[in-house]
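Heads up, the thing below is written out as structure tokens.
The values are calculated or read from the model by the stated rules, or taken from the named source; none is laboratory data. Not measured: the values here are computed from a predicted model. Neighbour counts run over all protein chains shown; Cβ positions are idealised from the backbone, glycine included. Each accessible area value is taken on the protein alone, full model and side chains, heavy atoms only, with ligands, DNA and RNA left out. Shrake-Rupley method; radii C 1.70, N 1.55, O 1.52, S 1.80 Å.
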Amino acid sequence: MDEEYDVIVLGTGLTECILSGIMSVNGKKVLHMDRNPYYGGESSSITPLEELYKRFNLPDSQPESMGRGRDWNVDLIPKFLMANGQLVKMLLYTEVTRYLDFKVVEGSFVYKGGKIYKVPSTETEALGSNLMGMFEKRRFRKFLVFVANFDENDPKTFEGVDPKTTTMRDVYKKFDLGQDVIDFTGHALALYRTDDYLDVPCLDTINRIKLYSESLARYGKSPYLYPLYGLGELPQGFARLSAIYGGTYMLNKPVDEIVVEGGKVVGVKSEGEVARCKQLICDPSYIPDRVRKAGQVIRVICILSHPIKNTNDANSCQIIIPQNQVNRNSDIYVCMISYAHNVAAQGKYIAIVSTTVETSEPETEIEPALELLEPIDQKFVAISDLYEPTDDGTESQVFASRSYDATTHFETTCNDIKDIYKRMTGSDFDFENMKRKQNDVFGEDEQ
């Protein structure tokens with residue numbers, strides 16, 4: 001271990017594994033360490049089921065009715081991939097897709113007045129939806145057509161909207177859309193967690209709705225994908241990529257000290273040895289003195305023996321409860337997957353509820369979501385602190401990732417990856433930098 005590296009990465013969460021993969025492909029010498037004996041850090045999938053009971057300090061060992069423990073792979077952090085989103089692009093460019101299989105999530109639903117409805121995202125679905133009255137449907141259809149045709153480089157498509165100055169609130173007014181439609185457009189299509197977006201220029205929202213529609217257009221049922229055997233497969237896929245390009249991996253390796261000289265990182269000490277480096281990437285748990293708490297997320301893993309009511313018996317779906325519907329500031333999300341994704345025993349479903357904590361009683365906050373899931377066989381409740389770095393790392397060359405937020409997709413995680421990349425290299429992130437070289441070492445290209 002007493003060697004000199006360009007980059008040392010601590011923690012094998014998805015953010016860290018993607019960055020070590022990119023750095024390795026770009027010819028950097030990378031050492032990747034994790035104090036845990038498994039990959040994934042906070043974003044791992046737990047197997048067998050007994051491990052999950054242990055992790056949450058539940059006294060009962062799992063009941064017989066849960067089937068075989070090793071049939072389970074339970075994600076600690078629930079997220080789906082947008083079919084046309086940045087993470088899928090990263091998987092395609094790096095060809096990490098060759099290590100994974102994906103399934104399309106069967107449906108996306110939104111909560112209104114205590115019931116759930118399918119999210120209409122195409123013109124046809126909008127016209128058939130029970131979410132809106134007849135005239136509202138026509139106005140919403142016009143809005144969708146406007147968004148689909150919108151091109152920020154072609155003023156002919158603006159219809160009087162200036163993407164850099166017109167607020168989204170004004171765009172909704174222009175199309176005369178009512179509050180319920182605004183709720184599901186902002187939260188179930190543009191996937192905002194709060195209503196802050198209403199008073200900023202509309203370009204980001206329009207692009208988010210386009211991303212949703214384009215992702216939906218790829219596979220039809222919903223815009224979301226999910227990997228077989230759970231999200232823990234993702235960090236491992238990128239770790240494999242890094243290893244192919246010469247990255248060194250050490251699991252179960254305690255980190256005793258981050259060695260800093262003259263305010264700049266020079267290495268990492270572990271078990272009496274020091275590995276030297278020019279730059280360091282890590283998750284917040286390795287540098288508590290360089291991050292600050294920025295809120296909390298509650299996540300409740302629920303094991304069910306039935307699909308969720310009113311979802312057409314889907315074996316996977318997402319439900320978004322917009323904050324206005326339950327008098328909150330941020331949305332509540334439900335991600336549901338099942339035995340169909342090789343993450344649960346036959347006939348079992350895993351629904352994970354998550355939201356940003358707003359009160360001193362987080363479990364009461366998510367009750368509207370839990371009611372949709374009844375009856376629940378077993379609940380595992382986790383309340384996690386969210387951390388963000390206190391500085392940009394340019395002086396110390398220590399780059400910390402942000403904790404995974406309550407959103408149910410990876411777009412914010414990808415933005416963090418691009419941001420860290422830019423701070424480390426001084427240049428904008430470019431997907432081309434992730435492309436595998438033509439002749440992979442170890443003959444991987446012949447497979």
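Side notes on the structure shown:
- Of the helices (runs of 4 or more DSSP H) entirely within the stretch 111-194, those holding at least 3 residues that are in contact (Cβ under 8 Å) with a residue 60 or more places away in the chain and over 28 Å from L370 (Cα atoms) occupy 134-149.
- Scan of the stretch 271-313 for residues that are part of a helix (DSSP H, G or I) and either open to solvent by 50 Å² or more (accessible area, probe 1.4 Å) or of a type in the set (D, E, K, R) (or both), ordered by number: S285, P288, D289, R290
- Here T47 fulfils each of the conditions (1) farther than 19 Å from T12 by Cα; (2) surrounded by fewer than 24 Cβ atoms within 10 Å (Cβ to Cβ); (3) not assigned by the TED database to the domain that holds I319 apart from (1).
- Between V268, V260, the distinction of being open to solvent by 30 Å² or more (accessible area, probe 1.4 Å) and not in a loop (DSSP other than H, G, I, E, B) belongs to V260 only.
- Residue match in the stretch 63-85 (condition: in contact with a Cys (Cβ under 8 Å, 6 or more places away or on another chain), closer than 29 Å to Q279 by Cβ and surrounded by fewer than 24 Cβ atoms within 10 Å (Cβ to Cβ)): yes
Each row is one residue, and each column tells you yes or no for (1) assigned by the TED database to the domain that holds L191; (2) in contact with a strand residue (DSSP E or B) (Cβ under 7 Å, 6 or more places away or on another chain); (3) on the phi < 0 side of the Ramachandran plot.
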| site | (1), (2), (3) |
| --- | --- |
| N207 | yes, no, yes |
| S213 | yes, no, yes |
| A243 | no, yes, yes |
| L251 | no, no, yes |
| R276 | no, yes, yes |
| C282 | no, yes, yes |
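- Of the strands (runs of 3 or more DSSP E) lying entirely inside the stretch 314-416, those containing at least 3 residues that are modelled with pLDDT of 95 or more and either more than 22 Å from F102 (Cα to Cα) or in the same structural domain as D428 (by the TED database) (or both) span 349-356, 378-389, 398-400.
- Among the residues of the stretch 215-257, those identified as open to solvent by less than 10 Å² (accessible area, probe 1.4 Å) and of a type in the set (S, T, N, Q) are S215, S222, S242.
- Look at the stretch 375-388: where a residue is of a type in the set (F, W, Y) and a partner is open to solvent by 30 Å² or more (accessible area, probe 1.4 Å) and not in a strand (DSSP E or B), sitting 6+ places away or on another chain with Cβ atoms under 6 Å, you get F380/F56; Y387/S403.
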